[in-house]
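The values are calculated or read from the model by the stated rules, or taken from the named source; none is laboratory data. Just so we're clear, the structure is a prediction, and the values are computed from it rather than from any experiment. A quick note on method: Cβ atoms are made from the backbone with ideal geometry, for glycine too, and the neighbour counts reach across all protein chains shown.
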Amino acid sequence: MIRLFSFLFFLISLHAFAQTPSWWGKEVVSTSMAANRPRVSTTDYNNAVLIWGEGPHLVAGVTTVAGIGAFMRTDTINPTGHSVSISFWHGPEIASRGTDTVYVVYKEAPEADTSHHIYCAASFDGGYHFGVPKRVDFIGNHMGRMPTVAIGPGGHPVVAFMKSDLNYAEPQWVIATSQDYGQTFQPEVQASSDHSALAEACDCCPAALVVSDSTVQLAYRDNLQNQRNIRVASGSLAGGSYQSISVDPQPWMVNACPASGPDIVADGDSLYSTFLNGSSSDEVFWSRWQMGDTTSMVQGIASSSMAQNYPRIDARFGQKMMVWKTGAGTQAKVQARLHYLDTLYAFDVDTGTVNVPDVAVSGQGAFVVWHEVLEKRIYLKRLFYQSIGLPESVVSPSRQLLHTVDLYGRLVNPAQIPSGIYIQWYSDGSFEKVWVN
């Protein structure tokens with residue numbers, strides 16, 4: 001009975017181990033007159049790696065969630081003579097994995113020139129130095145645009161890009177994989193538009209990519225006779241065809257370019273996507289589904305009487321954070337929602353002529369970056385919180401597992417539980433927090 005009381009008290013006090021989210025002030029990343037479209041990703045050391053455009057240049061920088069040391073501008077990724085194709089709504093993308101592996105992809109400008117290609121640059125020291133960018137696309141007399149990148153098993157990059165005719169006709173998303181850490185890439189495989197012979201990719205909307213186990217998940221905006229909704233195509237890294245599902249069931253008929261694509265992230269066995277849908281008003285949504293599902297759960301991120309756009313999402317250790325732009329002009333806002341230990345936090349991150357935010361979650365918090373248009377600056381803001389931490393227990397070598405419970409104290413079968421945080425209780429009185437993927 002004493003042990004049961006102690007265990008229940010422990011469960012009640014779990015949230016006491018978690019730190020209330022708190023913000024640091026804005027940090028200036030770039031004051032270049034030509035600064036544009038920042039992107040951010042995190043490493044397992046809880047460092048953030050940032051990229052952004054400065055005119056024809058693609059610049060990288062590194063910071064830590066603990067604020068140890070100032071933000072450090074580290075490298076210019078594209079070599080002399082490679083101008084980067086970038087605008088506020090499309091441009092280079094970044095992915096990181098482990099403690100030090102980072103990949104960045106970009107298209108050389110002008111994008112319609114078939115002698116200009118898509119490149120992938122790799123860093124193996126956490127974003128401090130990048131190697132010579134390697135060509136990704138070998139598509140003959142076609143045009144490749146708007147690349148995005150994810151990292152697969154073994155730390156190899158997976159790149160998606162839009163392939164079309166030279167007049168932007170017949171656009172489709174294709175995927176190219178590497179087996180040597182981005183030194184070379186395999187021939188591309190078409191991933192989009194499996195659901196209809198009349199479908200093509202929305203030619204002005206970027207896509208997003210994630211690799212979950214050995215399955216590639218590509219979120220993109222479809223164009224089926226001007227119905228422009230979000231689909232997610234899934235395929236194996238080992239090869240074969242891609243099959244897609246709709247994660248955006250509200251039909252949006254529009255014969256103009258939305259210039260807004262989805263984002264996607266995997267956390268455990270769940271997948272999440274964020275996107276704009278303008279069927280009734282410009283509103284941002286997020287959807288959730290699991291591997292193998294044919295439908296998804298969809299809901300609005302946050303209600304607003306003002307137009308919303310450019311939603312982004314990241315997740316780690318069961319914590320999810322979304323950012324987006326609300327409003328226009330000098331009173332536009334970067335807004336955020338954090339799902340943390342079953343609590344929803346809402347934030348106004350900044351107000352002004354803000355645009356194109358991005359977010360990356362680490363084990364100790366989150367990083368938000370955005371462009372301030374009139375100030376011509378790239379800003380970074382850090383949100384601190386701590387995943388549940390448990391004191392070390394003295395472990396008996398002969399201990400046996402008694403039971404596993406969730407954070408509400410409910411017994412679960414350890415062989416049949418979804419991803420998340422659980423507590424394992426042992427015969428010697430010790431316990432452990434475990435993260436189940």
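A few remarks follow.
- For segment 259-277, a tally of residues being of a type in the set (Gly, Ala, Ser), modelled with pLDDT of 95 or more and outside any strand (DSSP E or B) returns 3.
- Only one of the numbered conditions (1) crowded, with 22+ Cβ neighbours inside 10 Å; (2) farther than 22 Å from Val361 by Cα; (3) free of Cβ contacts under 8 Å to residues at least 40 places away in the same chain is not met by Glu54, and that is (1).
- All of (1) among the hydroxyl-bearing types (Ser, Thr, Tyr); (2) in contact with a Ser or Thr (Cβ under 9 Å, 6 or more places away or on another chain); (3) at pLDDT 90 or above hold for Ser87 with one exception: (2).
- Scanning segment 207-219 turns up no residue that is among the β-branched types (Val, Ile, Thr), out of contact with any Cys (no Cβ under 7 Å at 6 or more places or on another chain), over 21 Å from Cys120 (Cβ atoms) and surrounded by fewer than 21 Cβ atoms within 10 Å (Cβ to Cβ).
- Restricting the first member to segment 246-269 and to residues that are under 30 Å from Phe317 (Cβ atoms), and the second to residues that are modelled with pLDDT of 95 or more and among the basic types (Lys, Arg), the beta-carbon pairs closer than 6 Å and six or more apart or on different chains are Ser246/Arg231; Gly261/Arg221; Asp263/Arg312.
The rows are residues; the columns are (1) loosely packed, with under 13 Cβ neighbours inside 10 Å; (2) in the same structural domain as Met321 (by TED's automatic domain parsing); (3) modelled with pLDDT of 50 or more.
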residue	(1), (2), (3)
Ile12	yes, no, no
Ala16	yes, no, no
Lys26	no, yes, yes
Thr31	yes, yes, yes
Asn36	no, yes, yes
Arg39	no, yes, yes
Thr42	no, yes, yes
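- Of all residues in segment 313-336 being free of Cβ contacts under 8 Å to residues at least 60 places away in the same chain and part of a loop (DSSP other than H, G, I, E, B), the one that is farthest from Glu283 (Cα to Cα): Ala328
- Subset of segment 233-254 that is in contact with a Ser or Thr (Cβ under 6 Å, 6 or more places away or on another chain) and of a type in the set (Val, Ile, Thr) - its residue that is surrounded by the most Cβ atoms within 10 Å (Cβ to Cβ): Val247
- Test for Thr74: is it assigned to a strand (DSSP E or B) and either modelled with pLDDT under 95 or hydroxyl-bearing (Ser, Thr, Tyr) (or both): yes
- Any hit, segment 109-118, residues being over 23 Å from Val354 (Cβ atoms), of a type in the set (Val, Ile, Thr) and at pLDDT 95 or above: yes
- Residue in segment 314-324 that is under 20 Å from the mean Cα position of the chain (by Cα), among the polar types (S, T, N, Q), surrounded by 17 or more Cβ atoms within 10 Å (Cβ to Cβ) and modelled with pLDDT of 95 or more present: no
- Filter pass, Val354 being surrounded by 24 or more Cβ atoms within 10 Å (Cβ to Cβ), under 15 Å from the mean Cα position of the chain (by Cα) and assigned by TED's automatic domain parsing to the domain that holds Leu50: no
- Any pair with Cβ under 7 angstrom, 6 or more apart, that starts in segment 289-312 at a residue that is farther than 30 Å from Gln331 by Cβ and ends at one that is in a loop (DSSP other than H, G, I, E, B) and hydrophobic (A, V, I, L, M, F, W, C): Trp289/Val247; Ser296/Val247
- The set of residues in segment 90-124 being of a type in the set (Asp, Glu) and touching a Gly at 6+ places or on another chain (Cβ under 7 Å) consists of Asp100 alone.
- Of the listed requirements (1) on the phi > 0 side of the Ramachandran plot; (2) charged (D, E, K, R); (3) at pLDDT 95 or above, Asp213 misses just one: (3).
- Considering residues of segment 212-226 that are charged (D, E, K, R) and within 16 Å of Asp248 (Cα to Cα) only, the residue farthest from the chain's Cα centre (by Cα): Asp222
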